Amino acid sequence: MRKFLQRLLSSWIIRMSNKFGSNPNRKRIHEALNKLYKTINDNPGKRGLIFNVKETDKFIIFSDQHKGARDDADDFTLAEKNYLKALEHYNQQNFHYINLGDSEELWENLLETVIKHNQETFEAEKAFIAKNHFTKIFGNHDLYWDNDPLAGFNLNRIYGSPIRIFEGAILRMPLKESKLDIFLTHGHQGDLQSDGNWFSKWFVSNIWAPLQSYLQINLNTPAYDNQLKTVHNALMYDWISTQKNIALITGHTHQPVFASLTHLERIYVKLNKAKEEKNTSELAFLNNELRKRIKEGDKAPIFDKYKPGYFNSGCCCFSDGDITGIEIADGFIRLIKWSYHSRAIPERVLLEEMKINDLSDLNLFNG
């Protein structure tokens, strides 16, 4: 019966989730991001930290683990080994780990259940605290960390020392004669389905979680099954396009975005360039890549000029066990994934990279 219902309902559930799972509002998004950025600048340490970044500093940003109860509704289960190997690597390389929210799935699970089933991952995160290399930012699914009076007590219980919880952070980087602010927040602000919506939380906890557990459906398609930007990601880009000397990194949507484009969008941009240069071999390669990712009749997006200032870390709960994140190190910003390769051994894969200098004045790229 379960397999019959999976075949019958999976496509419909995924389609409905994509359609109704997010309800971003442009005005609310702009107001929320403006307010948080100003608050962090005016009162550092209140809602977020400012890091004055040195050349030797290194950061890794992961979001959206959604650690759960290790049942059939726990999307993190398949990704756990990749996540643990990644944290081991970044701790050894002296990276500062910024956890960008929705780390714990507290809409579907009781906190005690999440703690019980995630001891190993909490220990791996704890290793960064000993070096003062851990910053925890809350999202909508772990909003508990920001608004419950016992949150501080429970964070102390989990990590063995008191840690602060924040809504955002700014990485302030001196570049040439100016500076670049890389602004980080989970990104749920302005999403009417997520930003303090009690009904969404009730629905996920009481309806969706039991259904997902029974049908064993993970809605997070593999990291590079990229589509055009979701509406929410497009509105995040809309905000950053109005700013000067600011880049933005969020999570929340589970869709990796690098320098304002998804992988599919980057293929279209490269295809336009290859057509202009009459590069037949590149055209053949890119058209083949495009055919793998689009359906017949899909229209190409219209690119004018865009600022490469928006990034999304993706998530740590893709259905194939991959995780994606953003690295900032050695003068570069990189989109990476950790994926199972030979003998199911986790391995770091570089997906995209660019020099941070290219973000300093937010150069316009031709589409």
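Does A32 qualify as being part of a loop (DSSP other than H, G, I, E, B) and surrounded by 15 or more Cβ atoms within 10 Å (Cβ to Cβ)?
Answer is no for this residue.
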So, first residue modelled with pLDDT under 95 in region 73-95, second residue assigned to a helix (DSSP H, G or I), Cβ within less than 6 Å, six or more apart or across chains; the pairs are A73/A209; A73/Q212; A73/S213
Can you tell me which condition C317 does not meet? The list is (1) hydrophobic (A, V, I, L, M, F, W, C); (2) part of a strand (DSSP E or B); (3) in contact with an Asp or Glu (Cβ under 8 Å, 6 or more places away or on another chain), and all the others hold.
(2)
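For E120, indicate whether it is touching a residue at least 12 places away in the same chain (Cβ under 8 Å), within 18 Å of the chain's Cα centre (by Cα) and part of a helix (DSSP H, G or I).
For E120, the condition - touching a residue at least 12 places away in the same chain (Cβ under 8 Å), within 18 Å of the chain's Cα centre (by Cα) and part of a helix (DSSP H, G or I) - is not met.
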I'm trying to understand the selection: among the residues of region 331-352, which are of a type in the set (D, E, K, R) and surrounded by fewer than 20 Cβ atoms within 10 Å (Cβ to Cβ)?
R334, R343, E347, R348, E352
Cβ-Cβ under 8 Å pairs, at least 6 apart or on other chains, region 262-284 side among the small types (G, A, S), far side outside any loop (DSSP other than H, G, I, E, B):
A274/E282; A274/L283; A274/L286
When region 63-72 is checked residue by residue, the ones that are more than 22 Å from G187 (Cβ to Cβ) and without any contact (Cβ under 8 Å) to a residue 60 or more places away in the chain are A69, R70
Which condition number in (1) at pLDDT 95 or above; (2) on the phi > 0 side of the Ramachandran plot is the one that K176 fails?
(1)
Go through region 102-113 and count every residue that is among the aliphatic types (A, V, I, L, M) and surrounded by 24 or more Cβ atoms within 10 Å (Cβ to Cβ).
1
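Quick one: which helices (runs of 4 or more DSSP H) sit completely within region 201-284 and have at least 1 residues that are at pLDDT 85 or above?
Working: elements: 209-215, 231-240, 263-277.
Because the criterion is at least 1 residues that are at pLDDT 85 or above, the helices (runs of 4 or more DSSP H) in region 201-284 that meet it are 231-240, 263-277.
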Being aliphatic (A, V, I, L, M), closer than 23 Å to N357 by Cα and surrounded by 12 or more Cβ atoms within 10 Å (Cβ to Cβ) narrows I323, I328, I294 down to just I328
In this structure, is I333 aliphatic (A, V, I, L, M) and assigned to a strand (DSSP E or B)?
yes
Go through (1) touching a Pro at 6+ places or on another chain (Cβ under 8 Å); (2) assigned to a helix (DSSP H, G or I) one by one and return the number of the condition T324 breaks.
(2)
Any residue in region 129-153 that's at pLDDT 90 or above: show its pairings with residues that are surrounded by fewer than 15 Cβ atoms within 10 Å (Cβ to Cβ) and not in a helix (DSSP H, G or I) at Cβ separation under 7 Å, as long as the two are six or more apart or on different chains.
I129/S161; G152/P162
Consider only pairs whose beta carbons are under 6 Å apart and that are at least six residues apart or on different chains; among these, list those whose first residue lies in region 42-62 and is closer than 14 Å to E327 by Cβ and whose second residue is part of a loop (DSSP other than H, G, I, E, B).
K58/F95; I60/F95; I61/L100; I61/S313; F62/C316
Being part of a strand (DSSP E or B), buried (at least 19 other Cβ atoms within 10 Å of the Cβ) and of a type in the set (K, R) narrows K136, K179 down to just K136
If you check A169, A124, which single one turns out to be surrounded by fewer than 21 Cβ atoms within 10 Å (Cβ to Cβ), out of contact with any Cys (no Cβ under 7 Å at 6 or more places or on another chain) and of a type in the set (G, A, S)?
A124
Any residue in region 346-367 that is in a strand (DSSP E or B) sitting within a Cβ distance under 6 Å of a residue that is modelled with pLDDT under 90 and surrounded by 14 or more Cβ atoms within 10 Å (Cβ to Cβ)? List the pairs, counting only those 6 or more apart or interchain.
F365/Y306
Please state which of the following conditions A169 fails to meet, knowing it meets all the rest: (1) part of a loop (DSSP other than H, G, I, E, B); (2) touching a strand residue (DSSP E or B) at 6+ places or on another chain (Cβ under 6 Å).
(1)
Looking at (1) touching a residue at least 24 places away in the same chain (Cβ under 8 Å); (2) at positive phi; (3) among the polar types (S, T, N, Q), which one does N109 not meet, given that it meets all the others?
(2)
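The values are calculated or read from the model by the stated rules, or taken from the named source; none is laboratory data. What you are looking at is a predicted structure, and each value in this text was computed from that prediction instead of being measured. Here the Cβ is made from the backbone with ideal geometry for all residues, glycine too, and neighbour counts use every protein chain on show.
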